Amino acid sequence: MSGTIVMKFGGTSVADAARLKRAAGRIVAKREQGFRVVAVLSARGKETDRLIADALEVSPVPDPREMDMLLSTGERVSCALCAMAINDLGHRAISLTGSQAGIVTDTSHTKARILEVRADRIRSALDEDSIVLVAGFQGVSTAKDVTTLGRGGSDTTAVALAAAIGADECEIYTDVPGVFSADPRIVPDARKLDVVSFDEMLEMAASGAGVLQLRSVEYARTHGVRIHCRSSFDDSEGTRVASEDARRDQDMENPLITAVTHSRGEARVTLIGLPDSPGIAGRVTTALAASNVNIDMIIQNEPRSAGALAELSFTVPQDDVAAAQAALAPIASELGIEVDTDDAMGKVSIVGAGMKSHPGVAAKVFTVLGEHEINIEMISTSPIRISCVVPGDKVADAVKALHSAFELQGADTIRPEQPFGEFS
């Protein structure tokens, strides 16, 4: 035996019968190379969106527990069909739900977090020479309810399984050949990256790069799981996500900027008329956390004189605006503050480990955006990332301008005939 591999296939990679059979063929080919194989499958194509639409037809605010029961069915269908295709190719396959695979989560419906993986059943099936197919995006809570892991959760399923069974590598198959220096739909000459560090990939995923889910990268870094993002349409090498030491060994020195990422799914929430007193920001953020609302950038405008009122602005995913408003309503009523929202915002970020040792990067970012008459609404930084909130209709212009200014274009770009539906 050559070892154990976890293979994850995204929704467009199993969207129809032909693509699902192709995925089955790749799984079988890996098994015939001598690997023990666990494959994680997403729901087919737009199936999750269709199920959400079905729910909204019968309920304007679907119950979260029942949404998890509904949404978990898409991945189960993919796994059962793929197992049938693999069996027809002369190999033994078994499909498992998230709960059958031993994925235990907390009790947060629609955005659950994995607590542990009890992989005994998977190990037993591998020992019996079976290929194991696991439904991604789902698990069972400590209260024994079906839970789902949020958008892109199949990536986290795959990484968690790879960690639990000690897999040699976790291969993430999508309809793009790897991680790029920008979204190729906006920047046609974006360059495919051979290696990205965990820290860089974390920042990229958090700021809009959709090739890998943020939590899957966090899990991989914590548990030392090697990730290989590659195309489901050919056998070319993709992008490996590795430790910073491995990244440095390949590139000798970290490049100044690795990628420009973006998100159009941002909304800004502003609290107007906040009392300037200790503990208010804590109450606001605690209420949002209790409603599972993830805050990104935060800016507080201090009052200019004693007794004046302050403003607090922060960004949240557009999908969380309603939950944020509901969470803040009791505080707003008690304190007499106004809650204003603006969902016509976008975010553009530059990411690169090299900027830690190069001054002047922020100045260049702000200058370039200014030269293109793109107004910066909010700014957030880390040692290897600079993010700017800009008007939503200026996001593409900002990405193009920064990608060109930092000269990130290069060879090995996406070919015109390749789709890239999963890149968003």
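The values are calculated or read from the model by the stated rules, or taken from the named source; none is laboratory data. Remember, it's a predicted structure, so these values are computed and weren't measured experimentally. Cβ atoms come from the backbone with ideal geometry, glycine included; neighbour counts cover every protein chain shown. These area figures cover heavy atoms from the full protein model, side chains too; ligands, DNA and RNA do not enter into them. Shrake-Rupley method; radii C 1.70, N 1.55, O 1.52, S 1.80 Å.
Could you work out how far helix 280-290 tilts from the main Cα principal axis of the chain, as a 0 to 90 degree angle to the nearest 10?
The helix 280-290 is inclined about 20 degrees to the chain.
Mind listing the phi-derived Karplus ³J(HN,Hα) values for region 136-151, rounded to whole Hz, using 6.51, -1.76 and 1.60 with θ = phi - 60°, and x for any glycine or proline?
Using θ = phi - 60°, the values come out as x, 6, 8, x, 10, 7, 5, 8, 6, 9, 5, 10, 10, 9, x, 3 Hz.
Once you compute Rg and the Kirkwood Rh from C-alpha atoms, what is the Rg to Rh ratio for the chain?
0.99
Say each of ARG92 and ARG185 gets a label point 7 Å from the Cα, pointing the same way as Cα to Cβ; how far apart are those two points in nm?
According to this spin-label approximation, the distance is 4.3 nm.
Give the carbon-plus-sulfur fraction of the accessible surface of the chain in %, rounded to a whole number; probe 1.4 Å, heavy atoms of protein chains only.
Carbon-and-sulfur percentage of accessible area, whole number: 50.
Determine the percent antiparallel among the DSSP beta bridges restricted to the chain, to the nearest 5. Please report the intermediate quantities before stating the final value.
Numbers: 47 of 77 bridges.
Here the antiparallel bridges make up roughly 60 percent for the chain.
Given the -39500 (n - 2.57) contribution per DSSP H run of 4+ residues, what per-residue ellipticity at 222 nm results for the chain, rounded to the nearest 500 deg cm²/dmol?
Using -39500 (n - 2.57) per qualifying helix, the result is -10500 deg cm²/dmol.
Could you list which residues have their amide H under 5 Å from that of LYS111, counting only those 5 or more apart in sequence or on another chain, with H placed in the peptide plane?
Here the answer is THR148, since their amide H atoms fall under 5 Å of that of LYS111.
In nm, give the distance between the simple-model label positions of LYS144 and ASP106, each being 7 Å from the Cα along the Cα-to-Cβ direction.
Placing both labels 7 Å along Cα→Cβ, they lie 2.3 nm apart.
Build a GNM of the chain with springs between Cα atoms under 10 Å: which of THR156, THR12, THR142 gets the top mean-square fluctuation?
Taking springs between Cα atoms under 10 Å, the residue moving most is THR142.
About the Cα centre, and with charges only on the beta carbon of Lys, Arg (+1) and Asp, Glu (-1), how big is the dipole of region 330-371? Nearest 20 debye, please.
Computed about the Cα centre, the dipole is about 540 debye.
Find how much the distance from ILE272 to SER2 grows on full extension, using 0.36 nm per residue of separation minus their present alpha carbon separation; answer in nm with one decimal.
91.1 nm
Can you find, among GLY336, THR367, LEU309, the residue sitting farthest towards the positive end of the charge dipole of region 290-374, where Lys and Arg contribute +1 and Asp and Glu -1 at Cβ?
Result: THR367.
Round to the nearest 10 and give me the degree value, 0 to 90, for the angle of helix 214-223's Cα axis relative to the longest principal axis of the chain.
Here the helix axis deviates by roughly 70 degrees.
Hey, with R₀ at 35 Å, roughly what FRET efficiency would ASP235 and ALA289 work out to, going by the Cβ-Cβ distance, to 0.05?
Efficiency at R0 = 35 Å is approximately 0.20.
Determine one quarter of the surface area of the Cα convex hull of region 176-235, which equals its mean projected area, and express it in nm² to one decimal.
Approximately 4.3 nm², given one-decimal rounding.
For region 17-67 and region 385-411, compute the distance between their C-alpha centroids and round to whole Å.
Cα centroid to Cα centroid, the span is 33 Å.
Is region 66-189 best put as rounded, prolate or oblate by its Cα gyration tensor, with a ≥ b ≥ c the root eigenvalues, rounded for a/c under 1.5, and otherwise prolate when a/b is larger than b/c, oblate when not?
oblate
Simple spin-label model, 7 Å along Cα-to-Cβ: LEU56 to ASN301 in nm?
Going by the 7 Å Cα→Cβ label model, 3.3 nm.
Are there trypsin sites (Lys or Arg not before Pro) in region 186-241 that DSSP marks as loop and that have at most 12 other Cβ atoms within 10 Å, and which are they?
Of the trypsin sites (Lys or Arg not before Pro), not one in the loops of region 186-241 has a Cβ with at most 12 other Cβ atoms within 10 Å.
Which of these, GLY360, GLY410, GLY25, has the largest mean-square fluctuation under a Gaussian network model of the chain (Cα springs below 10 Å)?
Ranking GLY360, GLY410, GLY25 by mean-square fluctuation puts GLY360 first.
Along the Cα-to-Cβ line of VAL77, 7 Å from the Cα, sits a label point; which residues in region 16-53 have backbone N less than 16 Å from it?
Only 16-21, 41-53 pass the distance filter.
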